[in-house]
Amino acid sequence: MAQLWGGRFTKETDQIVYQFNASIDFDKRLYREDIEGSIAHVRMMARQGILTEKERDDIVQGLTGIREDIESGKLEATKEYEDIHSFVEANLIQRIGDTGKKLHTGRSRNDQVALDMRLYIRRELGEVDRLLNHLLHTLLNMMEEHIDTYMPGFTHLQKAQPITLALHIGAYFEMFKRDRLRLADIYERMNYCPLGAGALAGTTYPLDREYSARLLGFAGPTANSMDSVSDRDYVIEFLSALSMIMMHLSRFSEEVIIWNTNEYQFVELDDAYSTGSSIMPQKKNPDIAELVRGKTGRVYGALMSMLTTMKGLPLAYNKDMQEDKEVTFDAIDTAKGCISLFDGMAATMKFRKDVMEKSARNGFTNATDAADYLVNHGVPFRDAHGIVGRLVLRCMEKNCSIEEMGLDELKAISPVFEEDIYDVVSLKTCVEKRLTKGGPGQAMMEQEIADSRQYLDNSRIIGES
Ligand code: ARG
């Protein structure tokens, strides 16, 4: 056991207590952030005359060596250290001797871990943003390809009105675009440096917090020392944004699963993104979509977990906060994996245009258009709604569609119907005349695609200049 705090103790920590307390198993993934933060701290201290330039150079060299050795696999953070902070510090002392003992001057593990987590989350905001950006490109390409792929639009999972696949995919484009904007907002709010807050009340050393914040690429130092070490809002906000992303992926997955059923057959998944059954030879299952849907619960769980962990904590640091790591790391890994797998699955799906179009023709998706026809000929909408309702009932008795009814039959239901009704209720007209902004009509969809393309061309990944 290598601890940073043995002085005031007369007895060794119980082994089981030690294990229970330790976080090295999971916080070792913060080694880069921990070292980066320490280097900035040391540079700032030398600038302020708290360390000599020689001490600074020795420490920076030692820390850089540790990072290289971890990266090359030469050095491993093992269980005899309590956490990543103890591990790096102990290793530094082993390497460079007594100068290493000066690293922790003017610092506490409380502001150190607060900084490490911030650096980590800040980087991961960029990583998730990059994956979403890639997914948006995939979706936009699909929209371009399917601008005239007709399909039924649903409400209550009942056929409602005819739409295009471009419109349907475009809805998800908007969702994931908002998810990116959310990440950017979080970045703006969280990009402040807690280093120098000390244990909770700052320090008597003349630290230049502005300088270390600048070295680490933050917009500035955090304001209040107690808030600096107690705040995990940005973790919760990130988990909330990840939950929203997962919710969107899960809805989309659910649709892919439905579209992939034998009953729908709208889409065929690529073999590389489907799996078989161990007993039923005919099966090709949408496991990836199901797993994405399933893993959503795990990410929500992380959000609930962190909200609950934080809700009763008095200021400032409490060890409860060590619980932020495992769930957050897991949620980030899970969400990133899901975004990129979903992306790959979506990019390789083959849509059955013929089946989708046929489905759009059935189920009276043009009933609203028939009612609108009557309205355009002076019938009040509420009356038109009733007339077309009776028309649909009649069609169902005859097992035919509206456009298959003869004009005399139509006129028997309402004399207002004329020959031009057939064009109005044709699938193409139903879609193409929907030219409200944001609608499926080709002219509007082309505009939507152009705007989306422009957004992607101008957007930059979080953290990149
Ligand atoms: N492993 C701890 C954490 O993750 C580091 C901070 C420890 N600070 C302390 N005062 N015990 O939160």
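I need the full set of residues from the range 82-94 which are within 16 Å of residue 62 (Cβ to Cβ) and in contact (Cβ under 8 Å) with a residue 12 or more places away in the chain, in order please. Spell out how you get there, then give the answer.
Filtering the range 82-94 down to residues within 16 Å of residue 62 (Cβ to Cβ) leaves 84-94.
If the condition is that a residue be within 16 Å of residue 62 (Cβ to Cβ) and in contact (Cβ under 8 Å) with a residue 12 or more places away in the chain, then 84, 85, 86, 87, 88, 89, 90, 91, 92 are the ones that fit.
Which members of the range 232-263 meet the condition of being farther than 20 Å from residue 286 by Cβ, open to solvent by 20 Å² or more (accessible area, probe 1.4 Å) and not hydroxyl-bearing (Ser, Thr, Tyr)? Talk me through it step by step, then tell me what you get.
Within the range 232-263, the first condition is being farther than 20 Å from residue 286 by Cβ, and the residues that meet it are 232-244.
Checking which are open to solvent by 20 Å² or more (accessible area, probe 1.4 Å) leaves us with 233, 236-237, 240, 244.
Residues satisfying the conditions are 233, 236, 237, 244.
Where the second residue is aromatic (Phe, Trp, Tyr) and the first is part of a helix (DSSP H, G or I) and lies in the range 157-179, which pairs have Cβ atoms under 7 Å and are six or more apart or on separate chains?
Matching pairs, first to second residue: 165/351; 172/252; 177/455.
Could you check, for the range 250-266, whether at least one of its residues is in contact with a Ser or Thr (Cβ under 8 Å, 6 or more places away or on another chain), in a loop (DSSP other than H, G, I, E, B) and not aliphatic (A, V, I, L, M)? Step through it out loud before you land on a result.
Restricting attention to the range 250-266, the residues satisfying the condition of being in contact with a Ser or Thr (Cβ under 8 Å, 6 or more places away or on another chain) are 250, 264, 266.
From what's left, in a loop (DSSP other than H, G, I, E, B): 264, 266.
In the following step, the residues that additionally are not aliphatic (A, V, I, L, M) were identified as 264, 266.
Checked against the condition, which is being in contact with a Ser or Thr (Cβ under 8 Å, 6 or more places away or on another chain), in a loop (DSSP other than H, G, I, E, B) and not aliphatic (A, V, I, L, M), the range 250-266 yields at least one hit.
Evaluate the range 291-299: report whether one residue or more is away from the ligand (no atom under 16 Å from the Cβ) and on the phi > 0 side of the Ramachandran plot. Please lay out each step first, then the result.
Going through the range 291-299, the residues away from the ligand (no atom under 16 Å from the Cβ) turn out to be 291-299.
Narrowing further to those that are on the phi > 0 side of the Ramachandran plot: none.
No - not one qualifying residue is present in the range 291-299.
Could you list, in sequence order, all residues of the range 187-215 that are under 29 Å from the mean Cα position of the chain (by Cα) and open to solvent by less than 10 Å² (accessible area, probe 1.4 Å)? Spell out how you get there, then give the answer.
So in the range 187-215, the residues under 29 Å from the mean Cα position of the chain (by Cα) come out as 187-195, 213-215.
Correct list: 190, 193, 194, 195, 213.
Which residues, counting only those in the range 1-44, are within 22 Å of residue 213 (Cα to Cα) and more than 15 Å from the ligand (Cβ to nearest atom)?
Once the filter is applied, which keeps residues that are within 22 Å of residue 213 (Cα to Cα) and more than 15 Å from the ligand (Cβ to nearest atom), the range 1-44 yields 32, 35, 36, 39, 40, 41, 42, 43, 44.
Tell me, please, whether a residue that is open to solvent by 10 Å² or more (accessible area, probe 1.4 Å), within 15 Å of the ligand (Cβ to nearest atom), in a loop (DSSP other than H, G, I, E, B) and modelled with pLDDT of 95 or more can be found in the range 110-125.
Within the range 110-125, none of the residues are open to solvent by 10 Å² or more (accessible area, probe 1.4 Å), within 15 Å of the ligand (Cβ to nearest atom), in a loop (DSSP other than H, G, I, E, B) and modelled with pLDDT of 95 or more.
When the residues of the range 300-339 are filtered to those that are surrounded by fewer than 17 Cβ atoms within 10 Å (Cβ to Cβ), among the hydrophobic types (A, V, I, L, M, F, W, C) and part of a helix (DSSP H, G or I), which remaining residue is farthest from the ligand (Cβ to nearest atom)?
In this case the residue turns out to be 304.
I'd like the residue in the range 58-103 that is within 16 Å of the ligand (Cβ to nearest atom) and of a type in the set (Ser, Thr, Tyr) and, out of all such residues, is least open to solvent (accessible area, probe 1.4 Å).
Just the residues of the range 58-103 that are within 16 Å of the ligand (Cβ to nearest atom), to begin with: 77-90, 103.
Those left that are additionally of a type in the set (Ser, Thr, Tyr): 78, 81, 86.
Values: 78: 49, 81: 23, 86: 1 Å².
Per the criteria, the residue is 86.
Can you pull out the residues in the range 382-426 that are among the hydrophobic types (A, V, I, L, M, F, W, C) and open to solvent by 10 Å² or more (accessible area, probe 1.4 Å)?
Step one: filter the range 382-426 for residues among the hydrophobic types (A, V, I, L, M, F, W, C), giving 384, 387-388, 391-393, 395-396, 400, 402, 405, 407, 410, 412-413, 416-417, 421, 424-425.
The answer is 387, 392, 393, 396, 400, 407, 412, 413, 416, 424.
Only one of 354, 369 is more than 16 Å from the ligand (Cβ to nearest atom), on the phi < 0 side of the Ramachandran plot, in a helix (DSSP H, G or I) and at pLDDT below 95; which? So that I can check it myself, show each step before the final result.
On the way: 354 fails: at pLDDT below 95.
Selected residue: 369, the only one of 354, 369 that is more than 16 Å from the ligand (Cβ to nearest atom), on the phi < 0 side of the Ramachandran plot, in a helix (DSSP H, G or I) and at pLDDT below 95.
Test each condition in (1) β-branched (Val, Ile, Thr); (2) assigned to a loop (DSSP other than H, G, I, E, B); (3) within 16 Å of the ligand (Cβ to nearest atom) for residue 50 and report the one that comes out false.
(3)
The values are calculated or read from the model by the stated rules, or taken from the named source; none is laboratory data. Keep in mind the model is a prediction, meaning the values are calculated, not measured. Virtual Cβ from ideal backbone geometry, glycine too; neighbours counted across all protein chains shown. Quick note on the areas: whole protein, heavy atoms, side chains included, nothing else; ligands and nucleic acids left out. Shrake-Rupley method; radii C 1.70, N 1.55, O 1.52, S 1.80 Å.
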